[in-house]
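Reading through the structure tokens given below for one structure.
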Amino acid sequence: MTALLELWHVSLVYGAGEQAVDALRDVSVEVQPGELVAVMGASGSGKSSLLAIAGGLTRPTSGEVLVDGQALAQVSPKQLAALRRRSLGFVFQDYNLVPTLTAAENVGLPLELDGWSRRRVRGAAVAALEAVGLADKADRFPDDLSGGQQQRVAIARAVVGPRRLVLADEPTGALDSTTGELVLRMLRARVDAGAGGLLVTHDARHAAWADRIVFLRDGSVIDTRQAPDPGSLLTEARA
Ligand code: ADP
Ligand code: MG
């Protein structure tokens, strides 16, 4: 089985000389299909940098990044753009939905950009919305939806079509805890259906939905833990 994401000995330095910041130091992380990996750490510890590198938005200073078995350093800018459209989905704290497009149009956007026919786009978008419990909201505009519903639309957009690797940077940050829990439940369901997820979170209760938790400090992985056994935090969080 090919890992959806592999980071090998990744380091990232912003700037140079006196101004240089070591954002990541020798970080290795793997995400397999069916696996949700949480990343925790204080502000400035490198969490967003890690996600940007995993998504091919930032190139590491050293180390290797593979998405779906493809080394990002070896693909052309055009191939990288296609890989981002087809394999990767991003979910951010502020949803990033296009306000002038309906829920279904937002979800279908990456497929449309990839040249799918209108009918196929609509079918895939509605199916993705169905999977996050929002089939009845397909033709609503973002303004018409609650924060939690908007974030579920963002999750649907991140996993629509063939995309299987979801990169989520504090996706529940702007939501109340009940709604945040629901969003996590949806993300977990997509991962259980075969996707892989890398989830940045501050909240230990949300991290308990993950299979593994990676702790960052000053750009280094200081600890990797399996999520708690069933019977403790996990069953509580999932109940
Ligand atoms: P986190 O998401 O955990 O808060 P970041 O990955 O955003 O951490 O930042 C890691 C470190 O890199 C911090 O010291 C931050 O100030 C620095 N940093 C982030 N982005 C930039 C940038 N574009 N230029 C210079 N330094 C940056
Ligand atoms: Mg951050």
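Since every read-out is calculated from the coordinates, none of them should be taken as a lab result. Bear in mind that the values here come from a model prediction, so they are computed numbers and not experimental data. Ideal geometry is used to build each Cβ from the backbone, glycine not excepted, and the neighbour counts take in all protein chains shown.
For a protection proxy built on the mean count of beta-carbon atoms within 10 angstrom, sort 87-96, 193-202 highest first, please. Let's see the in-between values first.
Values: 87-96: 19.5, 193-202: 21.4.
Listed from highest to lowest mean packing, they are 193-202, 87-96.
Order of 75-81, 147-153 by packing, highest average Cβ count within 10 Å first?
Values: 75-81: 11.7, 147-153: 23.6.
Going from most to least packed, we get 147-153, 75-81.
At a Förster radius of 35 Å, what calculated FRET efficiency corresponds to the Cβ-Cβ distance of R86 and S220, to the nearest 0.05? That pair, R86 with S220, gives E of 0.65. For the chain, the longest principal axis of the Cα atoms and the long axis of helix 103-113 meet at an angle of about 60 degrees.
Take the alpha-carbon positions of the chain, form their convex hull, and give its projected area averaged over all directions (one quarter of the hull surface) in nm². Display every interim value, and only then the final one.
Numbers: hull surface 53.5 nm².
Spelled out: convex hull of the Cα atoms, projected over all directions, averaged, 13.4 nm².
Sorted by average packing, counted as other Cβ atoms within 10 angstrom per residue and highest first, what order do 207-215, 127-135 take?
Numbers: 207-215: 21.2, 127-135: 19.3.
So the order, starting with the most tightly packed, is 207-215, 127-135.
Per-residue 3J(HN,Hα) values for region 5-18, derived from phi via the Karplus relation 6.51 cos²θ - 1.76 cosθ + 1.60 with θ = phi - 60°, read 9, 9, 10, 10, 6, 7, 10, 9, 10, 8, x, 8, x, 4 Hz in sequence order (x marks Gly and Pro).
Count Lys and Arg as plus one, Asp and Glu as minus one, and take only other residues whose Cβ is under 13 Å from that of R25; the net charge is then -2.
Quote the convex hull volume per residue of region 35-151, based on C-alpha atoms, as a whole number of Å³.
Numbers: hull volume 16.8 nm³, N = 117.
Per residue, the Cα convex hull of region 35-151 comes to 143 Å³.
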